[in-house]
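Asks: Could you have a look at this structure, given as structure tokens, before my questions?
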Amino acid sequence: MTARIVLLHGAMILALFVAQFVVSDYAVLTITRIMVLAIYATGYNILFGYAGLLSLGHAMFFATGLYAAALGVTRLGLAAPEALLFALVCGIVVSFIIGLIALRATGVAFMIVTLMFSQAAFLTILYFGDITRGDEGIVIKDDQRVFSLLGTPMNLADPVLRYNIALAFLAVAIVLCLIVVRSKIGHVLVAIRENENRTAMLGYDVKRYKLIAFVLSGSFAAFAGAAYALLFAYAGSTLASIQYSINPLLWTLLGGAATVLGPVLGTAMMFLLVDFASSFTSASLLFVGVVLILLVLFFPKGILGTIRQRWWRWLP
């Protein structure tokens, strides 16, 4: 890994750390939410950007982590770190099982299968409303978000602690993504994306590598969902809807698919665009749509993807 790659990613993490001292309380909350959802987008990018597999079912994995953490705290009496670990394990198991089934399909069929699984999960959440609270959602009480770390009491209701935990999680996600995409696994995934048949002819087990990408992506999504539930004290069925399967795709395309920082940038830009447009018009999505069309015209591979193509070819 070259020094400029380390410096670029380190500078972004440092900038996010410093931001909490210079922005407003509202901005701190917004950036915290962006960082958590950027983890989700980073995981989605492994599957879509690097392996070339378009999934419309990732809300299912996000919801797996979301509800596993929320129910772990409220029903099972787990502490927040235990609930986070429980949610991650659930995400790994669910993504492995669904991956074994969904990866039997390819192309459009794969997209439809993942969408069907996600919608089935969404309807299941609504059906078991007595447990999941359906559209109303599960609200985690403040006292259920207090835990002890090395003898020091931690309260996730504290916005400063919440911000720094989200930043730490995002930093780990970025580092893990860098390690994956620059390893043999990452190179094989790119080869599969470019020419699956030729990759198989070279002796690589394509199905196994696809499954690895699927489980990694689903695990990132479940972890992000768990972090969202614990940091923002809420888990609702809206977060399991089709919109939350489309969002990471938009974030990834906007920032630049197959770039490590692209999904982070895309998530931030989409959030800020919606927030800015909502401040002066009720038709905020129309404004966002126009901006996205312009971005697609001038940055056809996403912002960082186009920058890499034209100027910084060393961007991972």
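The values are calculated or read from the model by the stated rules, or taken from the named source; none is laboratory data. Since the model is a prediction, treat every value here as computed from it, not as a measurement. A quick note on method: Cβ atoms are made from the backbone with ideal geometry, for glycine too, and the neighbour counts reach across all protein chains shown. Just the protein is used for accessible areas: all its heavy atoms, side chains included, with ligands, DNA and RNA removed. Shrake-Rupley method; radii C 1.70, N 1.55, O 1.52, S 1.80 Å.
Asks: Being open to solvent by 30 Å² or more (accessible area, probe 1.4 Å) and in contact (Cβ under 8 Å) with a residue 24 or more places away in the chain is the filter here, so list the residues in the range 122-136 that pass it.
Replies: Answer for the range 122-136, where residues must be open to solvent by 30 Å² or more (accessible area, probe 1.4 Å) and in contact (Cβ under 8 Å) with a residue 24 or more places away in the chain: Phe122, Leu126, Ile131, Arg133, Asp135, Glu136.
Asks: Turning to a different aspect of this structure: Please state which one of Thr2, Thr32 is touching a residue at least 40 places away in the same chain (Cβ under 8 Å), among the polar types (S, T, N, Q) and surrounded by 15 or more Cβ atoms within 10 Å (Cβ to Cβ).
Replies: Just a single option satisfies the conditions, and that option is Thr32.
Asks: If you don't mind, another one. Does Tyr44 satisfy the condition of being of a type in the set (Phe, Trp, Tyr), surrounded by 24 or more Cβ atoms within 10 Å (Cβ to Cβ) and in contact with a Pro (Cβ under 6 Å, 6 or more places away or on another chain)? Give the steps one after another, and end with the answer.
Replies: Values: of a type in the set (Phe, Trp, Tyr): yes; surrounded by 24 or more Cβ atoms within 10 Å (Cβ to Cβ): yes; in contact with a Pro (Cβ under 6 Å, 6 or more places away or on another chain): yes.
When the stated conditions are applied, Tyr44 passes them.
Asks: Can we say Tyr26 is free of Cβ contacts under 8 Å to residues at least 24 places away in the same chain and either open to solvent by 10 Å² or more (accessible area, probe 1.4 Å) or not in a helix (DSSP H, G or I) (or both)?
Replies: Against the criterion (free of Cβ contacts under 8 Å to residues at least 24 places away in the same chain and either open to solvent by 10 Å² or more (accessible area, probe 1.4 Å) or not in a helix (DSSP H, G or I) (or both)), Tyr26 qualifies.
Asks: Considering only the range 127-165, state which residues are under 23 Å from the mean Cα position of the chain (by Cα) and assigned to a helix (DSSP H, G or I).
Replies: Thr132, Arg145, Pro159, Val160, Leu161, Arg162, Tyr163, Asn164, Ile165
Asks: Determine which member of the set Gly52, Gly65, Gly57 is of a type outside the set (Val, Ile, Thr), in contact (Cβ under 8 Å) with a residue 12 or more places away in the chain and over 20 Å from Phe122 (Cβ atoms).
Replies: Details: Gly65 fails: over 20 Å from Phe122 (Cβ atoms); Gly57 fails: over 20 Å from Phe122 (Cβ atoms).
Selected residue: Gly52, the only one of Gly52, Gly65, Gly57 that is of a type outside the set (Val, Ile, Thr), in contact (Cβ under 8 Å) with a residue 12 or more places away in the chain and over 20 Å from Phe122 (Cβ atoms).
Asks: So which of Ile34, Ile92 is more than 21 Å from Val139 (Cα to Cα) and assigned to a helix (DSSP H, G or I)?
Replies: After applying the criteria, what remains is Ile92.
Asks: Of these, Leu8, Leu29, Leu54, which one is at pLDDT below 95 and under 17 Å from Leu254 (Cβ atoms)?
Replies: Leu54
Asks: Return the pair list, or none, for Cβ contacts closer than 9 Å from residues in the range 267-286 that are part of a helix (DSSP H, G or I) to residues that are of a type in the set (Asp, Glu), at least 6 apart or on different chains.
Replies: Close Cβ pairs satisfying both conditions: Ser284/Asp275.
Asks: Considering Ser282, Ser245, Ser278, Ser217, which residue is at pLDDT below 85, closer than 30 Å to Ala157 by Cα and of a type outside the set (Val, Ile, Thr)?
Replies: Matching residue, one of Ser282, Ser245, Ser278, Ser217: Ser278.
Asks: In addition: Just checking, which of Phe86, Phe62, Phe110, Phe96 is of a type outside the set (S, T, N, Q), closer than 18 Å to Ala224 by Cα and open to solvent by less than 50 Å² (accessible area, probe 1.4 Å)?
Replies: Details: Phe86 fails: open to solvent by less than 50 Å² (accessible area, probe 1.4 Å); Phe110 fails: closer than 18 Å to Ala224 by Cα; Phe96 fails: open to solvent by less than 50 Å² (accessible area, probe 1.4 Å).
So the residue among Phe86, Phe62, Phe110, Phe96 that is of a type outside the set (S, T, N, Q), closer than 18 Å to Ala224 by Cα and open to solvent by less than 50 Å² (accessible area, probe 1.4 Å) is Phe62.
Asks: Can you tell me which residue is surrounded by the most Cβ atoms within 10 Å (Cβ to Cβ) among those in the range 246-305 that are farther than 17 Å from Ile39 by Cα and among the hydroxyl-bearing types (Ser, Thr, Tyr)?
Replies: Restricting to residues being farther than 17 Å from Ile39 by Cα and among the hydroxyl-bearing types (Ser, Thr, Tyr), the top hit is Ser284.
Asks: Also, I was wondering about something else. Within the bounds of the range 175-187, is there any residue that is out of contact with any Gly (no Cβ under 8 Å at 6 or more places or on another chain), more than 22 Å from Thr252 (Cβ to Cβ) and open to solvent by 30 Å² or more (accessible area, probe 1.4 Å)?
Replies: Yes, the range 175-187 contains a residue that is out of contact with any Gly (no Cβ under 8 Å at 6 or more places or on another chain), more than 22 Å from Thr252 (Cβ to Cβ) and open to solvent by 30 Å² or more (accessible area, probe 1.4 Å).
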